[in-house]
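Each remark here refers to the structure printed beneath this line.
The values are calculated or read from the model by the stated rules, or taken from the named source; none is laboratory data. Nothing here was measured: the structure is a model prediction, and the numbers come from that model. Note that each Cβ is placed from the backbone with ideal geometry, even for glycine, and that neighbours are counted across all protein chains shown.
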Amino acid sequence: MPEAGTKSQFEFTGGNLALDFINTVDNRTSDRKELLDSYADLLRWGEQSGAISHKTAERLARTAAETPGRAQSALRHAIQVREAIYAVFAAVAHRRGIPGAALAMLNTAVQEAAQHAQISHRNRQFVEDWAMPEEHLDSMLWPVSRAAADLLVADEVAFVRDCASEGCGWLFVDTTKNRRRRWCEMRTCGNRDKARRYYQRQKTSN
């Protein structure tokens, strides 16, 4: 997560790492703005989300500087995986059929992640982590694809929602008690929608 007092270009309101990764596009369905314009952006998201450590991000940044072509390929691959995950979860949120090609790409990413998963023993306890993430430019995708898989097979998948704000397209897990959350973020999309509806009412009344 960004340090206190600093402004991040990313927000983490999805309630799941994979959904937070999906939400690296602003206004997805209207006036789209890509937030991952460079490999540096991808690294920044990976570190701020906790998908990779600061040390790993520094090592990957050095590798990217030495091999910019590989870094650009990793960025393109990350965006392809992101869009596949979005297609699957958007279908879930809207109760549509699951697109086979997108699910196949997610499965490939899940299988790739599994090849790097390991059990370590630290501080007298066993932990699951990743083998040599600093050597793979796309290692931030490993926990993302694992998070997507875990959510899809969990009961909480029934509460994946699409933000009600027109054009937003961000997804989130509704963890509210009454399961009636409508916005990815109340202070942005919620307030924007309220202002739009107020303007429409004023216009109608005049």
Fill in: Out of ARG44, ARG70, ARG76, ARG62, sole residue that is part of a helix (DSSP H, G or I), buried (at least 19 other Cβ atoms within 10 Å of the Cβ) and of a type in the set (Lys, Arg)
ARG44
Practice prompt. Working only within segment 15-30, note down all residues that are at pLDDT 95 or above and part of a loop (DSSP other than H, G, I, E, B).
Written response: GLY15, ASN16, ASN23, THR24
Worksheet item: So which residues in segment 100-128 are out of contact with any strand residue (DSSP E or B) (no Cβ under 7 Å at 6 or more places or on another chain) and of a type in the set (S, T, N, Q)?
Response: ASN107, THR108, GLN111, GLN115, ASN123, GLN125
Worksheet, complete the sentence: Note: among ARG146, ARG161, just one is modelled with pLDDT of 95 or more, outside any helix (DSSP H, G or I) and under 20 Å from the mean Cα position of the chain (by Cα), namely ARG161
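Here's the yes/no breakdown for (1) charged (D, E, K, R); (2) at pLDDT below 90; (3) touching a Leu at 6+ places or on another chain (Cβ under 6 Å):
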| residue | (1), (2), (3) |
| --- | --- |
| ILE98 | no, no, no |
| GLU112 | yes, no, no |
| SER120 | no, no, no |
| PHE126 | no, no, no |
| VAL173 | no, no, no |
| GLY190 | no, yes, no |
Item to complete: State whether the residues of segment 97-117 include one that is at negative phi, touching a residue at least 40 places away in the same chain (Cβ under 8 Å) and over 16 Å from the mean Cα position of the chain (by Cα).
Response: no
Worksheet, complete the sentence: Given the conditions (1) more than 19 Å from the chain's Cα centre (by Cα); (2) at positive phi; (3) surrounded by 13 or more Cβ atoms within 10 Å (Cβ to Cβ), every one holds for GLU166 apart from (2)
Discussion item. Going through PHE159, PHE172 one at a time, which residue ends up being among the aromatic types (Phe, Trp, Tyr) and farther than 17 Å from ARG82 by Cβ?
Written reply: PHE159
Worksheet item: Here is a list of conditions, (1) closer than 26 Å to ARG70 by Cβ; (2) hydroxyl-bearing (Ser, Thr, Tyr); (3) free of Cβ contacts under 8 Å to residues at least 12 places away in the same chain, and SER120 meets all of them except one; can you say which number that is?
Response: (1)
Worksheet item: Does any residue of segment 36-51 turn out to be touching a Gly at 6+ places or on another chain (Cβ under 7 Å) and not basic (Lys, Arg)?
Response: no
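Matching residues to (1) touching a residue at least 60 places away in the same chain (Cβ under 8 Å); (2) touching a helix residue (DSSP H, G or I) at 6+ places or on another chain (Cβ under 8 Å):
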residue: ASP20; (1), (2): no, yes
residue: ASP31; (1), (2): yes, no
residue: LEU35; (1), (2): no, yes
residue: LEU42; (1), (2): yes, yes
residue: GLY46; (1), (2): yes, yes
residue: THR56; (1), (2): yes, yes
residue: ARG59; (1), (2): yes, yes
residue: ARG62; (1), (2): no, no
